[in-house]
Amino acid sequence: MRGPNVGQFEDFKASALYCPRCKRAMPVRSRLLLVLPDGELHEYLCKACASSLGTKTVRQQKQLQLYMP
Ligand SMILES: [Zn+2]
């Protein structure tokens, strides 16, 4: 288990979000909801009660633009 402040920030993963059911900031796990043409839509779920705490679109790196016409 890592503490909340170990000095490493993962830029597209939230480590903890406020959970209205647990009434505190909780560690989350992300789940892939949708694959979009330009990225992926992830949903964040509370690790304790599995409430949905939010979504985030993760943009792909610019690989697809190699194929610009
Ligand atoms: Zn919760």
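The values are calculated or read from the model by the stated rules, or taken from the named source; none is laboratory data. Predicted, not measured: the structure shown is a model, and the values here were computed from it. In this analysis, Cβ positions are derived from the backbone assuming ideal geometry, glycine residues included, and neighbour counts consider all displayed protein chains.
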From the list 65, 60, 8, exactly one residue is out of contact with any Leu (no Cβ under 6 Å at 6 or more places or on another chain), at pLDDT below 90 and surrounded by 10 or more Cβ atoms within 10 Å (Cβ to Cβ). Which is it? 60
Pairs only if they're at least six apart or on different chains, beta carbon under 7 angstrom, first in segment 1-28 and in a strand (DSSP E or B), second at pLDDT below 55; list them, first residue then second. 16/4
